[in-house]
Number of protein chains: 4
Amino acid sequence: MRTIDPNGKYCFVFSRYEEPVAKVELGEEITLLTEDAYSSLIQSENDNLAEIRRKRKGPNPQTGPLYIEGAEAGDTLKVHIIDIEPGRDWAVSNIHSFFGGLTPNKFTRMINVPFNDRIYIYRFDKEGMMRHDDFLRFPWKPFMGTIATAPPMEAISTATPFEHGGNMDCPDVKPGNIIYLPVAVDGAYFFTGDCHAAQGEGELCGTALEITAKVKLKFEVIKGKQITWPRIESPDEYMVVGSARPMEDAARIAYAELIEWMTEFGWDKMDAYQALTHAGKLYCANMVDPNYSMVAKVSKSLAERRL
Amino acid sequence: MRTIDPNGKYCFVFSRYEEPVAKVELGEEITLLTEDAYSSLIQSENDNLAEIRRKRKGPNPQTGPLYIEGAEAGDTLKVHIIDIEPGRDWAVSNIHSFFGGLTPNKFTRMINVPFNDRIYIYRFDKEGMMRHDDFLRFPWKPFMGTIATAPPMEAISTATPFEHGGNMDCPDVKPGNIIYLPVAVDGAYFFTGDCHAAQGEGELCGTALEITAKVKLKFEVIKGKQITWPRIESPDEYMVVGSARPMEDAARIAYAELIEWMTEFGWDKMDAYQALTHAGKLYCANMVDPNYSMVAKVSKSLAERRL
Amino acid sequence: MRTIDPNGKYCFVFSRYEEPVAKVELGEEITLLTEDAYSSLIQSENDNLAEIRRKRKGPNPQTGPLYIEGAEAGDTLKVHIIDIEPGRDWAVSNIHSFFGGLTPNKFTRMINVPFNDRIYIYRFDKEGMMRHDDFLRFPWKPFMGTIATAPPMEAISTATPFEHGGNMDCPDVKPGNIIYLPVAVDGAYFFTGDCHAAQGEGELCGTALEITAKVKLKFEVIKGKQITWPRIESPDEYMVVGSARPMEDAARIAYAELIEWMTEFGWDKMDAYQALTHAGKLYCANMVDPNYSMVAKVSKSLAERRL
Amino acid sequence: MRTIDPNGKYCFVFSRYEEPVAKVELGEEITLLTEDAYSSLIQSENDNLAEIRRKRKGPNPQTGPLYIEGAEAGDTLKVHIIDIEPGRDWAVSNIHSFFGGLTPNKFTRMINVPFNDRIYIYRFDKEGMMRHDDFLRFPWKPFMGTIATAPPMEAISTATPFEHGGNMDCPDVKPGNIIYLPVAVDGAYFFTGDCHAAQGEGELCGTALEITAKVKLKFEVIKGKQITWPRIESPDEYMVVGSARPMEDAARIAYAELIEWMTEFGWDKMDAYQALTHAGKLYCANMVDPNYSMVAKVSKSLAERRL
């Protein structure tokens, strides 16, 4: 199996203006090496977080773009996540005065007084848990924080989730699941990175258990099918991720697009609206990024009843 | 066991200004009869929904207030939900042009064109599912859409969730769970109603599977303990419900209060913030009411590690 | 002219459950004495703000309710603001760590570190300006921060603006203007208070130049006319105040209701929508209260072109 | 004076990845020809709006980028708007079912029923007013809907306002005023377009009086001064434009940055916060774009009191 190693050359925008780092065949299994969200600049709990945030080139360095052979504008890219292995034996998180779900930040601007930033290093313990101390100890549940195709015209920050995917920080972007992304440019220009060893819903403080990783993937294409927002298929469920602000707009997008998906299974729009009222799920993937991400879900057994 | 039957006298505000319908002892098991969200005015799919909405006295008629003996302002009320039985063999839902998560409404005002309102009647089938047709068919997962104590000074519409509980439409307000509510007035003035046979996360179209019900409850009081927002304890988890607009403010409240709760278990605030980042859950209870409700959760096994 | 002095008995909810303090005839000119937003508990810049906020009965003590003879549920109350005189020669403002437009607060909850609260006392100088020092010095532009009728069923905190008016903190509620409020209960139950010597748009830090005052008013009633949200008429303009969260919902309400008003002048709804696109005004009255208030305006000369 | 005519080659992203169309000296007066927001594809009230929206390359075609000689990353660009002349004798507006302040749209997604789209053509009448009919008739108050420099890494849609300026739809971007923009790349990469013959606050229906125009400008640079958000100087006032969602975040940014600006005039941050509470202005520029824009203002006479 081919391994794609960016060798230090990462992207900080999801963009058609970047040069592809590799061409990938449909159906080919590949392994991508990904950098952590802080470009591995944090190495110790004593590092200066503010300085690192200032000097890094950007958040969430991306491996990519991959040029997917056979993917053309107007298609849908189907990404099979086969496996995620840790790239090292530790993860890093931190708490920052001006970034996170419960602090003022660039968008929700306030006249606030900073508190002491704090870095947390976690290491695998012998039971395979990521451990900071006896209390901060979490199971290995890896996923990719960012996954995207290139938008049609924009170059979007790797901090941001939107229609193309991006920094959704959605724990369902995990091994065993399939991610569907819109293809806006020929070759799709696929990006991924920002792997997390684990993350709660909302990514509350803004920084999960950040790791380098080896991501094993396989691509397919659905020719001529256009989707507007990212979709996820797990063994049991169909999901749509909506990313917007305020959070209710992200929720509206997620459910409205899930209704659209259900109509592809033969549902009348109003009946799908009714069905999701009684049996849909709706959780928050991130409450910290430039757009918030909400994930709406329906079980396959319900969605497929009309087939 | 005592059964409290309002005999047609329901409340349409959560309010200290209402006269208690009964006094209840701590520890006493009681059964409350509750009316459905439409005061049982909808009886058929051919009823005129617009007219019914106009002529009803208000949404979500409440059984109560109950005067809880021994509950004083400044305490916390602990409500054990023992059981919910259906009050009849059918439930009602509907889709309305100007109310719901994907329609313009009183708050998100638009110049929109109405579509045809639609009423859906569901009946228990022989497998105990609520069935409209072969496709719209859902398992019985009952809970109380509204549960509240009286606010300190305000009289709040039974459409609205807030600090006192109220119309949270939270599926975790269900048998087997314990709900903690702030006591703002002596006697607590407890209200409940608006039972749902089932509901997805978000209550997407704004109307769940509305039923009349028999709700079996028991009350305890934690003396001198003040909480600010409703808390829920399930066998495995601790939860807080935040209700506000925009939805991110509801999420902030839910997680900030869950951090507060964790400090009661010995957690440092920043470490709790960190722990919830990696292992918290955050789902949407309702995206349709005057305040949206978000539910933040942590597993008991994590929360209690510091004990 | 009659002067209504509450003699220390103020209301802290806008509510039909309060006892009227006086009956007022239509057309009668009356003077109301109003308390300041802090119940005059702040007297010096050295006072302990946190303690005062804790011990006060509530924000914005209201003079009222007045029972307006001849006003019945379903009418519109027309309030002529004739004059506002200061009740004393000083005003108070303050900056607080957990309340205001640029601080975390009860709704936008954060893990933030408090800064030093600060009280500012302003006194009239010889040019009639409210002066704290050579730099913080502002002209006398008085208005009533709160003005309301009783809601139909709810008792709403005097901190909150909504359909009934309330704590809109709208600088156009000033002498020379007419305020239209919905009448939901017989007698209207009119409240006012929270006068400001001056205030910018948004009431940024959450506390304006708070004064006691003598408010001279006169009431009329428009029989059988129902309005949904507060309207304001100045010599040159028609305005609607929408109060909601997020702020865009307040804006939508204000403009949607202004379109409704324009249809009363003969405008087609779509043409009114078009006209306001090119010539409407939209400013923020408050960005600090439980609901934000936005004010949409149109010039009378444009609105009345269809007459 | 040099006239820059794009000759049909317009940009649809604000981007450093575009090739500059001209180099401009500091202090040089130039005239730019700008296209209208619909690329002049709408020519009649009978045109098919939906089809035109589908087939246009993008919204708000931009003239640019101009490479400003002497502007380097880290400077501030100072744009003097000298004059705006109409490029033709008519303007176009329209009302659309899925775009605008009072309709569902791409972000605030709903299950709504479309109404009939409508195109409005306005022509200059003999009094120099833009006239559709006797009622829809508005004075010529031209400004540029879009004005921007290139963002540091992103390529941002010409529909969107943000830190770099962009589609703010702010009526104060008008002749006689100075616009300050951050310079993120050498040469600044200046863009403008989307001129409006007039616009109300909020740009309610989403489409103002769209015109082609001749824009006369002059550039200066403030070396080594970094600003974060666009600033505007009129003869009497200083303003900052914040663009975000929800709208309160745009308001917070605008006022927080205006406080920053006041500290450059010698104000203590808390005193500036206090001053804007009593004398700031805050209006809505647009309530329809991917970010909403709010404009916070302070009079020069107040801001400069500390000098």
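Screening residue A:298 with (1) within 9 Å of chain B (Cβ to nearest Cβ); (2) of a type in the set (A, V, I, L, M, F, W, C); (3) over 26 Å from the mean Cα position of the chain (by Cα) gives one miss only, at (3). The residues of the range C:62-74 that are open to solvent by 10 Å² or more (accessible area, probe 1.4 Å) and either among the acidic types (Asp, Glu) or in contact with a Leu (Cβ under 8 Å, 6 or more places away or on another chain) (or both), listed by number, are C:69, C:70, C:72.
Test residue C:21 against the stated conditions and say whether it is open to solvent by less than 40 Å² (accessible area, probe 1.4 Å) and closer than 21 Å to residue C:184 by Cα. Steps first, please.
Working: open to solvent by less than 40 Å² (accessible area, probe 1.4 Å): no; closer than 21 Å to residue C:184 by Cα: yes.
Here the answer is no, as residue C:21 does not meet what is asked.
Just one of the listed residues (A:81, A:95) is under 17 Å from residue A:212 (Cα atoms) and assigned to a strand (DSSP E or B), and it is A:81.
Residues checked against (1) over 17 Å from residue D:30 (Cβ atoms); (2) open to solvent by 10 Å² or more (accessible area, probe 1.4 Å); (3) within 13 Å of the chain's Cα centre (by Cα); (4) within 14 Å of chain C (Cβ to nearest Cβ):
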| site | (1), (2), (3), (4) |
| --- | --- |
| D:154 | yes, yes, no, no |
| D:159 | yes, yes, yes, no |
| D:170 | yes, no, yes, yes |
| D:175 | no, yes, yes, no |
| D:201 | yes, yes, yes, yes |
| D:214 | no, yes, no, no |
| D:220 | no, yes, no, no |
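Among the residues of the range D:64-98, how many are farther than 30 Å from residue D:188 by Cβ and modelled with pLDDT of 95 or more? Final tally of qualifying residues: 6. Anything in the range C:118-140 that is in contact with a Pro (Cβ under 8 Å, 6 or more places away or on another chain), in contact (Cβ under 8 Å) with a residue 40 or more places away in the chain and more than 9 Å from every other protein chain (Cβ to nearest Cβ)? List them, or say none. Matches in the range C:118-140: C:140 only. Contact annotation: no residue pair with Cβ atoms under 6 Å, 6 or more positions apart or on different chains, pairs a residue in the range A:154-178 that is more than 18 Å from residue A:211 (Cβ to Cβ) with a partner that is part of a strand (DSSP E or B) and at pLDDT below 95.
Out of everything in the range A:274-295 that is more than 8 Å from chain B (Cβ to nearest Cβ) and not small (Gly, Ala, Ser), what residue ends up being surrounded by the fewest Cβ atoms within 10 Å (Cβ to Cβ)?
Just the residues of the range A:274-295 that are more than 8 Å from chain B (Cβ to nearest Cβ), to begin with: A:285-286, A:288-291, A:293, A:295.
Retained after the next criterion (residues that are not small (Gly, Ala, Ser)): A:286, A:288-291, A:295.
On the way: A:286: 31, A:288: 24, A:289: 26, A:290: 21, A:291: 25, A:295: 29.
The extreme case among them is A:290.
Restricted to the range B:42-60, and to residues that are of a type outside the set (Val, Ile, Thr) and free of Cβ contacts under 8 Å to residues at least 60 places away in the same chain, which residue is surrounded by the fewest Cβ atoms within 10 Å (Cβ to Cβ)? Give the steps one after another, and end with the answer.
From the range B:42-60, those of a type outside the set (Val, Ile, Thr) are B:43-51, B:53-60; that's our starting set.
Then drop every residue that is not free of Cβ contacts under 8 Å to residues at least 60 places away in the same chain, which leaves B:43, B:48, B:51, B:53-57.
On the way: B:43: 13, B:48: 12, B:51: 10, B:53: 17, B:54: 8, B:55: 10, B:56: 16, B:57: 11.
Across the range B:42-60, the extreme among qualifying residues is B:54.
With respect to the conditions (1) in contact with a Ser or Thr (Cβ under 9 Å, 6 or more places away or on another chain); (2) crowded, with 17+ Cβ neighbours inside 10 Å; (3) more than 21 Å from residue D:212 (Cβ to Cβ), residue D:116 falls short on a single one, namely (2).
Taken as a whole, the range D:24-33 holds at least one residue that is in contact with a Phe, Trp or Tyr (Cβ under 9 Å, 6 or more places away or on another chain) and either among the β-branched types (Val, Ile, Thr) or within 14 Å of another protein chain (Cβ to nearest Cβ) (or both). One residue stands out in the range D:240-273 among those that are in a strand (DSSP E or B) and within 12 Å of chain C (Cβ to nearest Cβ): the one that is surrounded by the fewest Cβ atoms within 10 Å (Cβ to Cβ), namely D:244. Inclusion of residue D:190 among residues that are more than 11 Å from chain C (Cβ to nearest Cβ), among the aromatic types (Phe, Trp, Tyr), crowded, with 24+ Cβ neighbours inside 10 Å and more than 25 Å from residue C:97 (Cα to Cα) is warranted. The requirement of being among the charged types (D, E, K, R) and under 15 Å from the mean Cα position of the chain (by Cα) is fulfilled somewhere in the range D:33-52, by at least one residue.
For residue C:210, the test of being touching a residue at least 24 places away in the same chain (Cβ under 8 Å) and buried (at least 21 other Cβ atoms within 10 Å of the Cβ) is passed.
Count of the range C:1-60 residues, restricted to those that are out of contact with any Ser or Thr (no Cβ under 9 Å at 6 or more places or on another chain), among the small types (Gly, Ala, Ser) and modelled with pLDDT of 95 or more, is 5. Of the strands (runs of 3 or more DSSP E) lying entirely inside the range A:127-190, those containing at least 1 residues that are of a type in the set (S, T, N, Q) and at pLDDT 95 or above are A:143-148. Quick check on my filter: what residues within the range B:222-239 are of a type in the set (A, V, I, L, M), surrounded by 17 or more Cβ atoms within 10 Å (Cβ to Cβ) and away from every other protein chain (no Cβ under 14 Å)? Correct list: B:227, B:232. Here residue B:87 does not qualify as open to solvent by 10 Å² or more (accessible area, probe 1.4 Å), farther than 25 Å from residue A:275 by Cα, of a type in the set (Gly, Ala, Ser) and away from chain C (no Cβ under 14 Å).
Listed by first and then second residue, the pairs with beta-carbon distance under 8 Å, at least 6 apart or on different chains, first residue in the range D:259-283 and touching a residue at least 40 places away in the same chain (Cβ under 8 Å) and farther than 27 Å from residue C:295 by Cα, second of a type outside the set (Lys, Arg) and part of a helix (DSSP H, G or I), are D:265/D:303; D:265/D:304. Just one residue in the set D:107, D:115 is farther than 30 Å from residue D:76 by Cβ, within 14 Å of chain A (Cβ to nearest Cβ) and assigned to a loop (DSSP other than H, G, I, E, B); that residue is D:107. Scanning the range D:61-78 for residues that are of a type in the set (S, T, N, Q) and either under 16 Å from residue D:215 (Cα atoms) or without any contact (Cβ under 8 Å) to a residue 24 or more places away in the chain (or both) turns up D:62, D:63.
Could you tell me whether any residue of the range D:93-102 is open to solvent by less than 10 Å² (accessible area, probe 1.4 Å) and touching a His at 6+ places or on another chain (Cβ under 8 Å)? Spell out how you get there, then give the answer.
Step one: of the range D:93-102, the residues open to solvent by less than 10 Å² (accessible area, probe 1.4 Å) are D:93-95, D:97, D:100-102.
Within this subset, residues satisfying the condition of being touching a His at 6+ places or on another chain (Cβ under 8 Å) are D:93.
Taking every residue of the range D:93-102 in turn, at least one turns out to be open to solvent by less than 10 Å² (accessible area, probe 1.4 Å) and touching a His at 6+ places or on another chain (Cβ under 8 Å).
The values are calculated or read from the model by the stated rules, or taken from the named source; none is laboratory data. Keep in mind it's a predicted model, so treat the numbers as computed, not measured. A quick note on method: Cβ atoms are made from the backbone with ideal geometry, for glycine too, and the neighbour counts reach across all protein chains shown. Accessible surface is based on the protein model in full, side chains and every heavy atom, while ligands, DNA and RNA are left aside. Shrake-Rupley method; radii C 1.70, N 1.55, O 1.52, S 1.80 Å.
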